[in-house]
Amino acid sequence: MLNYYVYTKEIADFSISDSFFIGWPNPPSSETHKKILAESYRAIICVDDETSTIIGFINAVSDGILSAYIPLLEVIPSYQGRGVGKQLVSMMLKELSDLYMVDLLCDPHLQSYYEKLGMIPSQGMVLRNYERQNGTIQKNFNTVELADKLAHVTNIEVSKEELRQLEKQFCEDVATLGAIGWSKYFAKSGRMLTKNGVPIEGKEAIKNAMTPFFELENLNFFWEPTHIEVSNDATLAVTYGNYKRTYILESEKIEEAGMYMTVWTKNHTGKWQISADVGN
């Protein structure tokens, strides 16, 4: 059973799942995570009572007079899709309802999620010091080494955003160009992995193989990455996420959904291309 609590030092004995901050290059430790909850103006947690483990949380920082900012909302992957995040946001907005302004930042594709909870889209500016992402104070650091580390992390984050936008454009081109729009994102020797175990190799072969699919009646095909991983040298990446497609086949509407994974490589001109793609 899941229960929700306003976090206080009196209930600090709950254990914290180690599945938070997935994808962070420099995540806080569980000890630092507890400090974040304890030192926040407000923090609300979701606890699985069977394991006495915190599986979701939201926190806010505030001057306590006019404004508050919500920096973190997380639900561990195995509990997502059960309304935990929605409940955490609703409870936090109620806790902050006596303040003039309540702000948070999110990616554009998440704005509709918060709109449904009463918030409105806005714009802002950010600064990220990734060497401080784990919440620890680093003393006596070498400034040259720190600059190199920060540039390295920034390069990876820039690459992730490039791929996120590239996947979006990929989806839009497929909607307008069909098999041509699909094949043009593949490297010359790119491959599609198939269920029969025989890969389709090369842009032209991929276009020909996909043409009948994109000629299906009333085809609507959409996908979006949920995770993006980039190599240390930012020349190799993997994106994976969910797809949905609907079409008419023999007068019957077909609806399909699943997951996909795409391997991207950066060529000598700095352009990302697909070297392998597979969907379930």
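The values are calculated or read from the model by the stated rules, or taken from the named source; none is laboratory data. Remember, predicted model here, so these are calculated numbers, not experimental data. Neighbour counts run over all protein chains shown; Cβ positions are idealised from the backbone, glycine included. Surface areas here come from the heavy atoms of the whole protein model, side chains and all, with no ligands, DNA or RNA. Shrake-Rupley method; radii C 1.70, N 1.55, O 1.52, S 1.80 Å.
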For 70, 65, the accessible-area ranking with a 1.4 Å probe, largest leading, is 65, 70
Counting Lys and Arg as +1 and Asp and Glu as -1, each charge on the Cβ, what is the dipole of the stretch 1-96 about the Cα centre in debye, to the nearest 20?
-> 280
What is the Cα radius of gyration of the stretch 181-270 over 2.2 N^0.38 Å, N being its residue count?
-> 1.23
Cβ-based charge dipole, the chain, positive-most Cα from 120, 38, 197 | 197
Kindly express, to the nearest 10 degrees and within the range 0 to 90, the angle between helix 84-95's C-alpha long axis and the longest C-alpha principal axis of the chain.
-> 40
With all protein chains present, calculate the accessible area of residue 265 using a 1.4 Å probe and round the result to the nearest 10 Å².
-> 50
So, for the Cα atoms of the chain, Rg and Dmax in Å stand at 22.4, 70
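Could you order 222, 14, 170 so the one with the most accessible surface comes first? Probe is 1.4 Å.
222, 14, 170
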Aspartates and glutamates within cross-link reach of residue 9: Cα-Cα under 19 Å, excluding same-chain residues under 8 positions apart?
-> 31, 39, 48, 49, 95
Lys/Arg +1, Asp/Glu -1 at C-beta; the chain dipole; positive extreme among 84, 279, 97 | 279
Per residue, how many Å² of accessible area does the chain show with a 1.4 Å probe?
-> 61
The chain, Gaussian network, Cα under 10 Å: of 185, 79, 240, the residue fluctuating most is 79
Angle in degrees between helix 143-177 and the longest Cα principal axis of the chain, rounded to the nearest 10 = 50
Taking only Cα atoms, what is the 0 to 90° angle, nearest 10, from helix 30-39's long axis to the longest principal axis of the chain?
-> 60
Which of 92, 101, 259 fluctuates most in a GNM of the chain (C-alpha springs under 10 Å)? That residue is 101
Could you give the size of the charge dipole of the stretch 197-278 about its Cα centre, using +1 on the Cβ of each K and R and -1 on the Cβ of each D and E, expressed in debye and rounded to the nearest 20?
-> 320
Given the rule -39500 (n - 2.57) for each run of at least 4 DSSP H residues, summed and divided by the residues of the chain, what is its mean residue ellipticity at 222 nm, to the nearest 500 deg cm²/dmol?
-> -9000 deg cm²/dmol
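Given a 1.4 angstrom probe, I'd like the percentage of the accessible area of the chain that is carbon and sulfur, rounded to a whole number.
52
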Residue-by-residue Karplus 3J(HN,Hα) for the stretch 241-255, coefficients 6.51, -1.76, 1.60, Hz, glycine and proline x = x, 10, 10, 9, 8, 10, 6, 9, 9, 6, 6, 10, 7, 9, 10
Take the cross-link list 195/244; 188/266; 195/266; 86/116; 244/266; 203/244 and give me the ones stretching past 21 Å between alpha-carbons.
-> 195/266; 244/266; 203/244
Dipole moment magnitude, nearest 20 debye, the stretch 151-245 about Cα centre, only Lys, Arg, Asp, Glu C-beta charged = 280
